Structures are given as C-alpha cells and as structure tokens.
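Accompanying notes for the structure given below.
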Amino acid sequence: MVDVIGAAGLLGHKSDAELLAARLAHAQRLGNMGWAEWHLHTGQTIWSEQVYTIFGRDPAQGPIALPQLAKHVEPADVAALDRLLWSAVQSVEPVQAEFRIRRSASSGDLRDIRMVLEPLMAPGGPIGLHGVIQDITGRRRAERLMSESRRQLLEAREQAAEERHVMLALRDAILPDPACYPGLPDTSIAVRYVPAEKTANLGGDWFEAAPSPDGRLLLAIGDVSGHGLPAIAHMAQLRHALVGLAMTGRPANRLLDWLNELVLHQLNDTTATAVIGHLDPRTRVFAWSQAGHLAPILVRDGVASRLGQPRGVLLGAACGRPYELATTRLRPGDVLLLFTDGLVERRTRDIDVGLDLALAAAAHVRGSELESGLDRLLSDIGGPNPEDDACLLGVGILGDPCA
C-alpha cells in the first residue's frame, strides 16, 4: 500500500516510462516474480530486480549465466531444469517447470521456483531464452501443510473408528445379550443402548436384567463417570460386582451399600450412579433404590410420570450414608422405564426440557409392543446424543389391565 501511494505521489515528477517501470517493479514484488533473458550467442544475461531477490543474490554480483544455473538448483531437481531448457529451445510455445534452488552453497534455504521459458526468436531461429521466474515457496509450503493436515486427520479418523470398534465390541462382550433376557410370565423386557456419536465420549453406561435365586427379577441401570476405556473398565467391575452380590438375595438398598464401598475403596477417582430393584412376578411389586440417579418412569393408562425418588447419594461420594428402599406395585398394562441421563441430557438444552420430552414420548409406549415403542421414544426425543451414551431398559407388565 505504501508503494502504491508513493508511486501515485510521483505522477507529476516521473516520465511515463519511469512510471510504467515503477509499476512493473511493484507488480513483480507483489507476485514475487521477475523476468530474465539469456542470449545464447553473446552469453549476455539480463535479470529484473526481483529475480535477484528470489535467488538471494546481490545485484553487484550480476545475474547467473545459463550454464551456471544448474549449480544453484537442488541436485535432485537438476533433471527437471535440463528437460525445461531442452523443451524451451525445441518449442515455439512457452514451457514451464518447477524445481528447487538453494540460495547459497552452504545455505539450507531451499526455495520452490516456477520457471516459464520461451525462445527469443530471430529470422535464423532462436537466439536466446526469455523467462518468467516466480518464487512459489509459500504456496507449496501451505499445500504441504494442508496435505499433512489431511493425512493426520485421516489417520485420526481411522484411529477413532478403530477405537470405537474396539470399545463397542468390549461393551458388547461385557453387557448382557439382549436375546437372552429371562423369560417371565406376563412380563416383557427390552433394552436399547445408544452409543455417543463421538468416539471420545463413549462412556460407562450399563444395565442388567437377570433372575435372582428367589425367583425375583433383578433390574438395574447405571452410569460410571468418565469416558473411554477407563470408564468401560470401571463399569465392568461395578456390574460384575452387582451380579455377584445379588446372589445373596439382599434388598436393593443393601446392594447399593456394598457397591458404594467398592467404588470408594477400589475404583479410584470414580463416581457412579445407579438404580437397582427387584420385581416380584407374583405380587408385581418393584422394590428399588437409587444412588444419585434419575428415577424410573412409570407409564400407566397412557400417562407417564416419574416415580417418587428414595434418598440415595452418588456411589463413591460419601461413606455411611444410608440408601432408602421404595416399593411400587405394578399393574397389568404398566410399563416401567429405567434410563441413564444421556437419554434426556443435551448440552444445548436444560435437563428438565429433556425429561418433559421423554415423559411425552413414553406415554405412547405399550408393554405389548415394547421393542418398537422404545425405538419410537428414542426418535421422538431427538435420536442419539452426540455427547454421551444412553441406556434405556423397559419392562412391560402384560395381562388384562382390568384383572
């Protein structure tokens, strides 16, 4: 900008030829390009000022003669220069090539050069070469950086896809097989695990549905803090511990007491939430406790509501805090939904909004069509959560609602 203003200020003091020369020099600086002529018969070489800048050469040294040009070219690129010169003297059309020059013999300053040559013609044939030389180092450096960035991004995506595959396979190996749910009379069970869209956010959501030795059905769902393989490993420890402890037949609040001790003393720097309950298929009583977890949803007569939440702190948060036991008597036609917070929580909205959406969608879930009902519920509340996993465990009480 200063050069343009300066040139404009000299309009009244320079001839047209001088002004044109100043403008051409300015254009060469802006484009980082210059021109050169090599006369084959006389050996005369003429460079514009910008070519000296490109080659890092003092104008007092004079231009580089054509036979000496190869000495300034990176050895690996000399062949490209030779082909260019041969093509230029054989053709009547401009030819071009790219090669690298080293600004001095001991310098590590390599520059990417584009040279366009055309013959200087006379009646008897070519008498020399005219060339335009441009320093394209910045452009090529940017292209290499972009290429390297694309390569790294592709590698990162491939690695993320592989990590996601491994983590999902590990989760599948740890969590129960949906095809192996216990068959109970007048009861349907379905579950959906929806992984986070972002691989890095795959977390420690888990569920369990298994018969107890006394004939009751153990139902549980939970979420371990953190993401990635550490969270999955802690989730596996917690769930496997629950399966073992449940064999004692002790109530849900006592199971949470033991799990809290496990998290406090074995799973360092970890917390977890959980809902654990036992469903008696004879009395249809669901006896349950929770540890810092969202209460289940009960769907009855087309109306969805959250169960009253018994007291219970986060697993791993405190020692010696009792967990309350609550009981809910289910009826034929009821649907019980246990879920993790990834179902209703989004970074872009308040959790209460997500809970309202879940309640509205849950009202349409029927125990006789539980599988399709869970799919519709997930779709109605916005699909997969990009930031967190989600588990949804549904239990339908079949039979005549009037019984």
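The values are calculated or read from the model by the stated rules, or taken from the named source; none is laboratory data. This one's a predicted model, so the numbers in the text were calculated from it and none came from an experiment. Heads up, the Cβs are rebuilt from the backbone with ideal geometry, glycines too, and the neighbour counts pull from every protein chain shown. The protein model used for the area step is the full one, side chains on, heavy atoms only, and it has no ligands, DNA or RNA in it. Shrake-Rupley method; radii C 1.70, N 1.55, O 1.52, S 1.80 Å.
Scan segment 377-397 and tell me whether some residue there is over 27 Å from the mean Cα position of the chain (by Cα), surrounded by fewer than 23 Cβ atoms within 10 Å (Cβ to Cβ) and free of Cβ contacts under 8 Å to residues at least 60 places away in the same chain.
There is no residue in segment 377-397 that is over 27 Å from the mean Cα position of the chain (by Cα), surrounded by fewer than 23 Cβ atoms within 10 Å (Cβ to Cβ) and free of Cβ contacts under 8 Å to residues at least 60 places away in the same chain.
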Would you say residue 88 is under 16 Å from residue 113 (Cα atoms) and small (Gly, Ala, Ser)? no
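In contact with a helix residue (DSSP H, G or I) (Cβ under 7 Å, 6 or more places away or on another chain) and under 23 Å from residue 274 (Cβ atoms): does that describe residue 374? Show your work before the answer.
On the way: in contact with a helix residue (DSSP H, G or I) (Cβ under 7 Å, 6 or more places away or on another chain): no; under 23 Å from residue 274 (Cβ atoms): yes.
For residue 374, the condition - in contact with a helix residue (DSSP H, G or I) (Cβ under 7 Å, 6 or more places away or on another chain) and under 23 Å from residue 274 (Cβ atoms) - is not met.
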Show me the strands (runs of 3 or more DSSP E) found entirely inside segment 254-334 where at least 2 residues are open to solvent by less than 30 Å² (accessible area, probe 1.4 Å). 272-279, 285-291, 297-300, 326-329
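Of the residues in segment 351-376, how many are of a type in the set (Ser, Thr, Tyr) and either open to solvent by 60 Å² or more (accessible area, probe 1.4 Å) or touching a Ser or Thr at 6+ places or on another chain (Cβ under 7 Å) (or both)? Give the steps one after another, and end with the answer.
First pass over segment 351-376, keeping only residues of a type in the set (Ser, Thr, Tyr): 368, 372.
With either open to solvent by 60 Å² or more (accessible area, probe 1.4 Å) or touching a Ser or Thr at 6+ places or on another chain (Cβ under 7 Å) (or both) added as a condition, the list becomes 368.
Number satisfying all stated conditions: 1.
Okay, residues lined up against (1) closer than 24 Å to residue 22 by Cα; (2) of a type outside the set (Asp, Glu):
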residue	(1), (2)
41	no, yes
57	yes, yes
66	no, yes
77	no, no
83	no, yes
95	no, yes
114	yes, yes
124	no, yes
138	no, yes
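Just name the residue that is nearest to residue 219 (Cα to Cα) out of those in segment 235-252 that are open to solvent by 40 Å² or more (accessible area, probe 1.4 Å) and part of a helix (DSSP H, G or I). Write out each step before concluding.
First, the residues of segment 235-252 that are open to solvent by 40 Å² or more (accessible area, probe 1.4 Å): 237, 240, 243-245, 247-248, 250-251.
Within this subset, residues satisfying the condition of being part of a helix (DSSP H, G or I) are 237, 240, 243-245.
Working: 237: 17, 240: 14, 243: 11, 244: 14, 245: 13 Å.
Only one residue fits best here, namely 243.
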Yes or no: segment 49-56 includes at least one residue that is aliphatic (A, V, I, L, M), open to solvent by less than 50 Å² (accessible area, probe 1.4 Å) and touching a residue at least 60 places away in the same chain (Cβ under 8 Å). yes
